[in-house]
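The values are calculated or read from the model by the stated rules, or taken from the named source; none is laboratory data. Please read all numbers here as calculations on a predicted model, not as lab measurements. Note that each Cβ is placed from the backbone with ideal geometry, even for glycine, and that neighbours are counted across all protein chains shown.
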Ligand code: FES
């Protein structure tokens, strides 16, 4: 019995990872992906000066956490509730459950639309295999949401059993899509803070002559942790080596009007605190206290700077 369960688990794991790899290898998905990305660019451009505010909301920059992963719980939970109530409604005398199931399904549909908007906003910055997996994840969710909408309408017209079948099928697609989405987060680190290890050295550590900062950011290493130094007028800024969004090297970034700018997707971080001001990043960039002693830049660790 135990051996059977173990072999079933191994098979599931094997087929699941094979499915993710297979989707990631589908290069023919690149063309529709670029078209969709261009369409999204046009949609966001239509917001004009509000574009940054809208994308910050959808990425979750204001929340300090990707909004998509928080929102996906709503449709998944609501539709699971609808499916459960559907199952209960077939028991004798439980037909009142049907109304509750339709209500839960309606909540699921609204939540799916929010998850789609936030997911597409995050997806447009992915690359390669992640982008292919992401577009299939979105496609499965779109079909599932369509099935939920048809199911809701069927129920409203009194075709309850047909509605039950539609939402159950849609929920199967949502689960498959959730597997792909989870592989992006837990496998590829999409949505995870990618800024890497923090500097925890307590003492001021001399790293570089200030005159060496001749307009270009400089990467230095302290206690095995990469730190990027920027000169901003008379002050020197020390920030983490990697962008928290997808790990861009911040030594290729620049300082613009008191903001550190990521070279890949243009996230902006407040110079002194590292707080994220513009997405797609949602987490702060590590920033460290600096001082200049006898023409030498000194840096100390993150926690030490807060004591
Ligand atoms: S890597 Fe995407 S904003 Fe920095």
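For the list (1) closer than 30 Å to residue 128 by Cα; (2) more than 14 Å from the ligand (Cβ to nearest atom), I need the number of the one condition that residue 214 fails.
(1)
Just to check your reading of the model, which residue among 236, 297, 255 is more than 13 Å from the ligand (Cβ to nearest atom), crowded, with 16+ Cβ neighbours inside 10 Å and within 27 Å of residue 124 (Cβ to Cβ)?
Only one candidate qualifies: 255.
Which residues, counting only those in segment 79-107, are buried (at least 21 other Cβ atoms within 10 Å of the Cβ) and under 30 Å from residue 279 (Cβ atoms)?
79
Have a look at 43, 23 and point out the one that is surrounded by 12 or more Cβ atoms within 10 Å (Cβ to Cβ), in contact with a helix residue (DSSP H, G or I) (Cβ under 8 Å, 6 or more places away or on another chain) and assigned to a helix (DSSP H, G or I).
23
Output the number of residues of segment 270-285 satisfying the condition of being more than 7 Å from the ligand (Cβ to nearest atom) and farther than 25 Å from residue 206 by Cβ.
9
Out of the residues in segment 258-268 that are within 12 Å of the ligand (Cβ to nearest atom) and either more than 18 Å from the chain's Cα centre (by Cα) or more than 18 Å from residue 55 (Cβ to Cβ) (or both), state the one that is modelled with the lowest pLDDT.
Looking at residues that are within 12 Å of the ligand (Cβ to nearest atom) and either more than 18 Å from the chain's Cα centre (by Cα) or more than 18 Å from residue 55 (Cβ to Cβ) (or both), I get 260.
Evaluate the following for residue 230: is it assigned to a strand (DSSP E or B), at pLDDT below 95 and either within 12 Å of the ligand (Cβ to nearest atom) or more than 18 Å from residue 197 (Cα to Cα) (or both)?
So residue 230 passes the test.
Can you find even one residue in segment 171-179 that is touching a helix residue (DSSP H, G or I) at 6+ places or on another chain (Cβ under 6 Å) and modelled with pLDDT under 90?
no
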